[in-house]
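Structure record follows, encoded as structure tokens.
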Amino acid sequence: MNTTQLRQLDNAHVWHPFTPMLEHGREDIPVIVSGDRFHLIDTDGRRYLDGVSSLWCNVHGHRVLEIDKAIREQLGQIAHSTLLGLDNVPSIRLAAALVRRLPAGLTRVFYSDNGSTAVEAALKIAYQYYRQRRTRPENRELFVSLSGAYHGDTVGSVSVGGIDLFHGIYGGLLFKTLKVPSPASYRLPPGHTPQSWEAHCLAELERVFAAYRGKIAGFVIEPIVQGAAGILVHPPGWLTRIRELTRAEDVLLIADEVATGFGRTGTFLACEQEQVVPDLLCLSKGITGGYMPLAATVATEEIYDAFLDEPAEAKTFFHGHTYTGNPLACAAALASLELFEQSGVLGNVRDISALMARRLTELSDHPHVGDIRQKGTMVGIELVRDRADKSPYAATERLGHRVVLAARQRGVIIRPLGDVIVLMPAPAMPAGLVDELCSATFQAIRDVCGSA
Ligand SMILES: *Cc1c(COP(=O)(O)O)cnc(C)c1O
């Protein structure tokens, strides 16, 4: 089938995620047919640098020998069998390997398929934990989360999310949660400095914890970096304070490391940057090196213990998915973890992070670059109509989208968050390619917004 035929069938039958389909039908989107380490190749043979790790999940590149081999070997054994009433080899080996690599205390691995389900499971575990814990069982029905937070698209994970657009559309379906302001804000309310804003956010959190004492089951947070909010980076020490507060208030800390995990921020987990150990940890995107859908919700012994009793007591975690612990995905994840040990991925992240930080200074005087945010390989470049008053472009200008199209002309695939241009090279991408990614993206920004 040629590209035109494939596009016709796509337009006839495929409903794309987060995509205005009317516009999609008017644009000639590349049809990807293969990958070659850090490049994507389309049906017309064009090569594109994969500038956002195939939506934040690819780690070591595409068609990595070690991961390909692990999947093929597992395929020679079995592709799938259930974890309901049966064990399988890769899911056992992966759980043990993960626990070895995670902060001490996180020992119980509950598998699911994607980031949203990892969060969904964490919410239900937290809720049930308080009802069933041996000392002081309680009914706690509230969760606290940050404004602008993104935790996925299922109803529970949207409920704890803080993106106004989604709450506007799906509000009637969602359960009640408590929102506190995020300390990472480019547009501060009048009269605030970053320091006074951070103090205000902490005070707000303390107020909410006090007002709802005994009613809050968990505080859900993307540690260090709020990804989908526009790559917002929290001030140093914020996560530590959250850990202290949640511990003092007896509220579970649920760390959603779906985006930040597996090296993206410079450490294996973002939590490690402040030596914070959450009570529940959500992992997905990078867990298989970006190869297959898999997620894990990892709990402490204390939480797990609340679910241990005779079947008749009905303390079981009544939750699970058909493909829970899928052997092919677990085999890919094991191979990816081994590559973390062997190939110096985290060292490469340090090098390419420093390189991007250097290159990004080229944009610091551009009249339409309002803010540049970076943590490790996660970069957000916020484009504004007016740098001085931080006023945004009109949504109808589709500026971020136009920059992405210009970048594609220059052989680079990126995807924006509104008018925030996101760069997220795979943690293992070599410096030379990261340099190319910066050049093409900066040039695309100049193509669309004018040169400084
Ligand atoms: C992507 C993301 C999710 C949702 O993961 P899916 O696999 O898309 O369901 C949840 N939390 C964070 C922080 C994410 O970036």
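Overview of values
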{"quantity": "Gyration tensor verdict on the range 252-323 (Cα atoms; rounded if a/c is under 1.5, prolate if a/b is larger than b/c, oblate otherwise)", "calculated": "oblate"}
{"quantity": "Order by protection proxy (mean Cβ within 10 Å, highest first), peptides 351-362, 414-425, 132-143", "calculated": "414-425, 351-362, 132-143"}
{"quantity": "Pairwise label distance in nanometres, TYR170 with ILE29, each label 7 Å out on the Cα-Cβ vector", "calculated": "1.9 nm"}
{"quantity": "Accessible surface, per residue, of the range 68-342 when the full set of protein chains is kept, probe 1.4 Å, Å²", "calculated": "42 Å²"}
{"quantity": "Apportionment of accessible area to carbon and sulfur, the range 331-445, percent (1.4 Å)", "calculated": "49 percent"}
{"quantity": "Globularity ratio of the range 302-452, using Cα Rg and 2.2 N^0.38 Å", "calculated": "1.47"}
{"quantity": "In the range 197-258, trypsin sites (Lys or Arg not before Pro) in a DSSP loop with at most 12 other beta-carbon atoms within 10 Å", "calculated": "ARG213"}
{"quantity": "Selected from GLY266, ALA104, MET356, residue furthest toward positive end of dipole (the chain; charges at beta carbon)", "calculated": "MET356"}
{"quantity": "Residues of the range 94-121 with amide N under 16 Å of the 7 Å Cα→Cβ point at GLU66", "calculated": "94, 97-98, 101"}
{"quantity": "Karplus-derived 3J(HN,Hα), 6.51/-1.76/1.60, for each residue of the range 104-120, Hz, glycine and proline x", "calculated": "4, x, 8, 10, 10, 9, 10, 8, 8, 10, 7, x, 4, 6, 4, 6, 4"}
{"quantity": "HN-Hα J in Hz across the range 257-273 - Karplus 6.51, -1.76, 1.60, θ = phi - 60°, x for Gly and Pro", "calculated": "9, 4, 8, 7, x, 6, x, 4, 8, x, 10, 4, 10, 5, 3, 5, 5"}
{"quantity": "Amide H contacts under 5 Å for ASP371, placed H, 5+ residues apart", "calculated": "GLU382"}
{"quantity": "Interchain or long-range residues, amide H under 5 Å from ALA295's placed H", "calculated": "SER112, ASP113, ASN114"}
{"quantity": "Net charge dipole size for the range 9-134 [Lys, Arg +1 and Asp, Glu -1 on Cβ; Debye, nearest 20]", "calculated": "1020 debye"}
{"quantity": "Charge dipole magnitude, Cβ of K and R +1, D and E -1 - the range 40-106, Cα centre, debye nearest 20", "calculated": "200 debye"}
{"quantity": "Accessible surface, per residue, of the range 343-439 when the full set of protein chains is kept, probe 1.4 Å, Å²", "calculated": "41 Å²"}
{"quantity": "Portion, in percent, of the accessible area of the range 134-243 that falls on carbon or sulfur, probe 1.4 Å", "calculated": "60 percent"}
{"quantity": "Distance in nm between pseudo-label sites at HIS80 and ARG410 (7 Å out along the Cβ direction from Cα)", "calculated": "4.2 nm"}
{"quantity": "Full-stretch length increase - GLN275, ASN2 - with 0.36 nm per residue and alpha-carbon distance subtracted", "calculated": "93.0 nm"}
{"quantity": "Semi-axis lengths, Å, the range 277-365, gyration tensor of Cα atoms, sqrt of 5 times eigenvalues", "calculated": "38, 18, 13"}
{"quantity": "Tensor-based shape of the chain (alpha-carbon gyration tensor, a/c under 1.5 rounded, otherwise prolate or oblate)", "calculated": "oblate"}
{"quantity": "Where a label projected 7 Å from the Cα of LYS215 along Cα→Cβ would reach, residues of the range 126-165 with amide N under 14 Å", "calculated": "139-144"}
{"quantity": "Solvent exposure ordering (accessible area, 1.4 Å, most first) of THR267, THR322, THR396, THR117", "calculated": "THR396, THR322, THR267, THR117"}
{"quantity": "Net length gained if the chain between SER451 and ILE92 were fully extended (0.36 nm per residue, minus Cα distance)", "calculated": "123.8 nm"}
{"quantity": "In sequence order, calculated HN-Hα J values of the range 369-385 (Karplus, 6.51, -1.76, 1.60; Hz; x Gly/Pro)", "calculated": "9, x, 7, 10, 10, 8, 9, x, 8, 9, 10, x, 10, 8, 8, 9, 5"}
{"quantity": "For MET292, solvent-accessible area (1.4 Å; no DNA, RNA or ligand), Å²", "calculated": "50 Å²"}
{"quantity": "Contact order relative to length of the range 102-256, as percent, for alpha carbon pairs under 8 angstrom and 6 or more apart", "calculated": "24 percent"}
{"quantity": "The chain: relative contact order as a whole-number percent, Cα under 8 Å and 6+ apart", "calculated": "21 percent"}
{"quantity": "222 nm mean residue ellipticity, helices alone, for the chain (DSSP H n ≥ 4; -39,500 (n - 2.57); rounded to 500)", "calculated": "-11500 deg cm²/dmol"}
{"quantity": "For the range 388-408 versus the range 156-200, the gap between their alpha-carbon centres in whole angstrom", "calculated": "23 Å"}
{"quantity": "Nearest-20 debye value, the range 68-342 charge dipole, Cβ charges on Lys, Arg, Asp, Glu", "calculated": "260 debye"}
{"quantity": "Computed FRET value (nearest 0.05) for ILE41 with ALA314, which takes r as the C-beta separation and R₀ as 60 Å", "calculated": "0.70"}
{"quantity": "Rounded if a/c under 1.5, otherwise prolate or oblate - the range 1-58, Cα gyration tensor axes", "calculated": "oblate"}
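The values are calculated or read from the model by the stated rules, or taken from the named source; none is laboratory data. What you are looking at is a predicted structure, and each value in this text was computed from that prediction instead of being measured. We place every Cβ from the backbone using ideal geometry, glycine too, and count neighbours over all the protein chains shown. Side chains are part of the model used for accessible areas, which takes the heavy atoms of the whole protein and leaves out ligands, DNA and RNA. Shrake-Rupley method; radii C 1.70, N 1.55, O 1.52, S 1.80 Å.
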